[in-house]
Amino acid sequence: MPSFLDIFRKYMPTWSEIRNKPTTFDPGAHKTSHENDGADEINVAGLSGALADEQNAGAIAGVLVNDAGKGDQKVLAYDLGTERIIYITPAPSGAAIVSIQQGTTHLPSTSTSEETLLDTEVNLTNSVCIWLSTRSSETSPDDAFGRVKLNDSTHVIAERQTGGGLCWVSWMVIEFSTLTSVQQKILTIPNSGYIATEPFTTVDLSKAILFYGGVTSTDSRTTNFLTSWLATIEIASSTLASAERQVTATYALSIAFTIAEFP
């Protein structure tokens, strides 16, 4: 006698013989098989397009991100000390240098000031002139020492107190892409004085630099003059530069300088 299973198999309809069957079937719940460590785990790296939800992997290319310093306008950078990616404030673009020009201005006998034409015109609001050195055929310091400044956008001017003998003053002009302010000044220590100050428009001390421009004096002594000629100069406050020489002298001393404030 045939078994029930044999009879069922004999008379069971084929798939094509089944009527009114649905064309699609909802799959059974199986999401866990596609999740982490599931039997059919999905690797998103193999998918195209963007994920629907914001992701917080906590790492970039396997390097952990420390978001403690996250803030407005900050950028990501790798910190070697902690081996982490951190948020930092980007360096200002204003620190970039547009041009550097240097030269030497010759003051012939009897001349107390001479101009030198720059190779390239500069923007005066972003440029500084720096004194480098002086040499002379004279032994008298009022003839031998000189100071420099930007006279306009195309000329550097060198000056000395008196016009005896030959004098050469070397300088450098640097143009930055952006400066907050530039102020060329002369600080004069008066006769019978050894300390003096020169005011300027308020600057941020954390972003300001003083550039030295050289010195001139009415002192014509050829001996024992250095204590009255040599002076220190510095930014004393956000509105003052201060200079000091070693002794109280009977000769005035004029020091050129530029205050530049960076962004």
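Per-residue ellipticity at 222 nm, computed for the chain from helices alone with -39500 (n - 2.57) per DSSP H run of at least four residues, works out to -1000 deg cm²/dmol.
Counting other Cβ atoms within 10 Å as a rough exposure proxy, the listed residues D119, D219 run D119, D219 from fewest neighbours to most. Beyond 33 Å, the tail of the calculated P(r) for the chain holds 53 percent of the Cα pairs. Assuming charge only on the beta carbon of Lys and Arg (+1) and of Asp and Glu (-1), the dipole of the range 182-263 about its Cα centre is about 160 debye to the nearest 20.
Listing V169, V203, V65 from the residue with the fewest other Cβ atoms within 10 Å to the one with the most, what is the order?
Values: V169 27, V203 21, V65 16.
Exposure proxy ranking, most exposed first: V65, V203, V169.
With all pairs of different C-alpha atoms in the average, the Kirkwood value for the hydrodynamic radius of the range 12-149 is 24.8 Å. Given springs between every Cα pair under 10 Å in a Gaussian network model of the chain, which of I100, I18, I186 has the largest fluctuation? Maximum among the listed residues: I18.
Relative to one another, the C-alpha centroids of the range 194-216 and the range 97-155 are positioned 19 Å apart. Rounded to the nearest 20 debye, the dipole magnitude of the range 94-261 is 320 debye, with +1 charges on Lys and Arg beta carbons, -1 on Asp and Glu beta carbons, and the Cα centre as origin. Only lysines eight or more places from K207 in sequence, or on another chain, were considered; those with a Cα closer than 25 Å are K70, K74, K149, K185. Placing +1 on the Cβ of every Lys and Arg and -1 on the Cβ of every Asp and Glu, with no other charges, gives the range 127-186 a dipole of roughly 120 debye about its Cα centre. Distant-in-sequence amide contacts of T188, defined by a placed amide H-H separation under 5 Å and a gap of 5 or more residues or a different chain, comprise I255. Taking packing as the residue-averaged number of other Cβ atoms within 10 angstrom, the listed peptides 234-241, 160-167 run from highest to lowest as 160-167, 234-241. So which residue, out of D67, D53, D40, gets the largest mean-square fluctuation from a GNM of the chain using Cα contacts under 10 Å as springs? Top of the fluctuation ranking is D40. Using the Cα centre of the chain as origin and beta-carbon charges of +1 (Lys, Arg) and -1 (Asp, Glu), tell me which of Q101, G49, M12 is placed farthest towards the positive end of the dipole. Value: M12.
We did not get these values from a lab; they are worked out from the coordinates using the rules stated. Bear in mind the structure is a predicted one, so any value in this text is a computation, not a measurement. For neighbour counting, all protein chains shown are included, and Cβ atoms are generated from backbone atoms with ideal geometry for every residue, glycine included.
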